[in-house]
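J.: I have a structure here, written as structure tokens, and I will follow up with some questions on it.
Please treat every number below as a calculation from the coordinates, not as lab data. Since this is a predicted model, take the numbers as computed values, not measurements. Note that each Cβ is placed from the backbone with ideal geometry, even for glycine, and that neighbours are counted across all protein chains shown.
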Amino acid sequence: MAGHVFVVRADHGKLECDLWLSPPDQGKRSAADFVQKHLDNVVQELSRFKRKRSSATRTCPRGVPLLAVPLPIDRQEEGGQLLSEALSRLQDAARPGSCDVALVVADAATLAAAQALRRRQNKDEIWGSELSDELRRQAEQLAQQAARGELALFLGAGVSASAGLPLWEELLERLAAQAQMTAEERNELHNLTLIDRAGVIENRLGGAERLQQAVKQIFSADRYSLTHALLAALPVKEVITTNYDRLFEQAWEDQQRTFSVLPQELRSDVDRWVLKLHGSVSAKEDIVLTREDQLGYSENRAALEGVVQALLITRHMFFVGFSLNDDHFHRIADAVRRVARRAARHNGKEKPFGTTIALQGNRLIQELWGTDLEWICLETDRSCEDSHRQAARRLDIFLDYLQCHIADPGYLLDARFTTILQQEELELQRALLAIKQRAPQRLQQLPAWPAIASLMRNLGAS
């Protein structure tokens, strides 16, 4: 297995990894010498880490060790050249295998420039054999939908499991242990549905408030995974999650996204939002876990169900880490399926309302959902002892490939990256900068100018 170099935007100390390789003090060195020295140290440390990996104590729940390498590129004009060299050197150092590297950048323009450089490289050299031609095709299709603003996210517990948080079964086991249930009683719990198990545990803990507090303690994590960071970089504005933790929100915040958290926080000044469908640790009284919670949901939050249904109709939903066996979601989706089928009878064409990506394929679940969903399966060999961890790593590589192929032009007007522009990009850069530089003040007072200025900022202009 060859090591892989990911490119992510994240904050120091918040990305879950085995080792964070901070740059040395710059001192009196030039920016170029400073970055070169940092890369020298990283390559040496990477080699040292590989040699001692077998005796090292792992702190990251990820199957393959992950080393995070922040790359400081300030306002120097040679930023593009330094970024290109960093990618090349890290790819060469990681390729022999046994661990992955996350190149961590601090701003959107640097991320966009790094992805542009990777798109120009040989695909097989970067992505190796981890992604089949079919997986690449599916990722490119999702990238096109994301670039057109058609994609919304639906995140399940599998996403936060990548940061070491429990799935439903494990959560209930922990809560039953906290409730001091006997081994025999805990075995009997398996005869009940998940939501009824939660109801019994709630009684044993002493009521809803104590159950909510226990859930809050378990899910109050503060380090998000590589999966969270990769998802947070996608150009989506609507996110639905059944997760209680705030890890995706933290990853979004670290990418300088401003957003509402529904239903707890409504902001009229932003158009991004994340809907906490089953509640959040930041408002534990809203946590949905037991049958009683679910029965009261429609009565108290019918508007939220309507939001989910509207997105299923108007967006292409990308399900990540969600098992699709949640009864509450089935009730929400049922009305959408009926609407979609009526539309299909009218126009003679069935259109799936989403894509689900799964570590393990389940042909029976696929049969239940029929043509309502497109399916991506990441597991290649279930007989392999480590197949689940391999599939989880393949999910990260898939998301990295997806993000790389969205083709964000946000570096075009950033002076740091002029040296990596291709000829036609240079011509476009000059034409756009000419508009900015030559427009007299009276034209900049016109109602159209704020839209032009916004476009320039989105393309990296300072």
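J.: Determine, for VAL200, VAL8, the number of other Cβ atoms within 10 Å of each Cβ, and report the residues in order from fewest to most.
T.: Details: VAL200 19, VAL8 25.
If I rank by nearby Cβ atoms, fewest first, I get VAL200, VAL8.
J.: To continue, here is another question. Which one of HIS38, ASN122, LEU82 is farthest out on the positive end of the charge dipole of region 5-129, using unit charges on Cβ (Lys, Arg +1; Asp, Glu -1) and the Cα centre as origin?
T.: In region 5-129, that residue is ASN122.
J.: Follow-up. For GLU374, list long-range residues whose amide hydrogen, built 1.01 Å from N in the peptide plane, is under 5 Å from its own amide hydrogen.
T.: GLY354, THR355, THR356
J.: If you place +1 on the Cβ of every Lys and Arg and -1 on the Cβ of every Asp and Glu, how big does the dipole about the Cα centre of the chain come out, in debye to the nearest 20?
T.: For this selection, approximately 960 debye.
J.: Cα gyration tensor of region 162-318, axes a ≥ b ≥ c as square roots of the eigenvalues: rounded (a/c below 1.5), prolate (a/b > b/c) or oblate?
T.: prolate
J.: On to the next question. Taking amide H positions as placed 1.01 Å from N in the peptide plane, with prolines and chain starts having none, which residues 5 or more places from LEU275, or on another chain, fall under 5 Å of its amide H?
T.: VAL239, ILE240, THR241, LEU262
J.: On to the next question. Are there GluC sites (Glu not before Pro) in region 154-262 that DSSP puts in a loop and that have at most 10 other Cβ atoms within 10 Å, and which ones?
T.: none
J.: Taking only Cα atoms, what is the 0 to 90° angle, nearest 10, from helix 327-347's long axis to the longest principal axis of the chain?
T.: 70
J.: Okay, moving on. Compute the long axis of helix 208-219 from its Cα atoms, compare it with the longest principal axis of the Cα atoms of the chain, and write down the angle in degrees, 0 to 90, nearest 10.
T.: 30
J.: In deg cm²/dmol and to the nearest 500, what is the mean residue ellipticity at 222 nm of the chain if only DSSP H runs of at least 4 residues count, each as -39500 (n - 2.57), divided by the residue total?
T.: -15500 deg cm²/dmol
J.: Nothing charged except the Cβ atoms of Lys and Arg (+1) and of Asp and Glu (-1): what's the magnitude of the dipole of region 164-277 about its Cα centre? Round to the nearest 20 debye.
T.: 200
J.: Same structure again: Under 8 Å for C-alpha pairs, at least 6 residues apart: give me the relative contact order for the chain, rounded to a whole percent.
T.: 20
J.: Would you mind classifying region 69-152 by shape? Square roots of the alpha carbon gyration tensor eigenvalues, ordered a ≥ b ≥ c; an a/c under 1.5 is rounded, otherwise it is prolate if a/b is larger than b/c and oblate if not.
T.: It comes out oblate by the Cα gyration axes.
J.: Okay, moving on. Sort out for me the Cα centre separation of region 405-462 from region 165-231, rounded to whole Å.
T.: 51
J.: If you don't mind, there's one more thing I want to ask. If I fit a long axis through the Cα atoms of helix 108-119 and take the longest principal axis of the Cα atoms of the chain, what angle between them do I get, 0 to 90°, rounded to 10?
T.: The angle comes out near 80 degrees.
J.: Under the rule of at least 5 residues apart or a separate chain, name every residue whose amide H is placed under 5 Å from the amide H of TYR224.
T.: Those lying under 5 Å, H to H, from TYR224 are GLU16.
J.: Something else now. Within the chain, how many Lys pairs that are eight or more residues apart, or on different chains, come under 21 Å at the alpha-carbon?
T.: Lysine pairs meeting the criterion: 7.
J.: What size of dipole, in debye to the nearest 20, comes out for region 312-462 about its Cα centre when the only charges are +1 on Lys and Arg C-beta atoms and -1 on Asp and Glu C-beta atoms?
T.: In total the dipole reaches around 840 debye.
J.: On to the next question. Which of the trypsin sites (Lys or Arg not before Pro) found in region 410-462 are in a DSSP loop and have at most 10 neighbouring Cβ atoms, other than their own, within 10 Å?
T.: ARG442
J.: Toward the positive end of the charge dipole of region 168-219, about the Cα centre and with charges on Cβ (Lys, Arg +1; Asp, Glu -1), which of ALA179, VAL215, ASN203 goes farthest?
T.: Result: VAL215, furthest along the dipole toward the positive end.
J.: What are the ³J(HN,Hα) values, in whole Hz, obtained from phi via the Karplus relation 6.51 cos²θ - 1.76 cosθ + 1.60 with θ = phi - 60°, for each residue of region 357-366 in sequence order, with x given for Gly and Pro?
T.: Using θ = phi - 60°, the values come out as 10, 10, 5, 10, x, 9, 5, 6, 5, 4 Hz.
J.: Would you work out which of GLN256, LEU230, THR241 lies farthest towards the positive end of the dipole of region 206-301, given +1 charges on the beta-carbon of Lys and Arg and -1 on that of Asp and Glu, about the Cα centre?
T.: LEU230
J.: Can you tell me how region 168-219 classifies by the Cα gyration tensor, rounded, prolate or oblate, using a/c under 1.5 as the rounded cut?
T.: Prolate is the answer for region 168-219, as a/c is 1.5 or above and a/b outweighs b/c.
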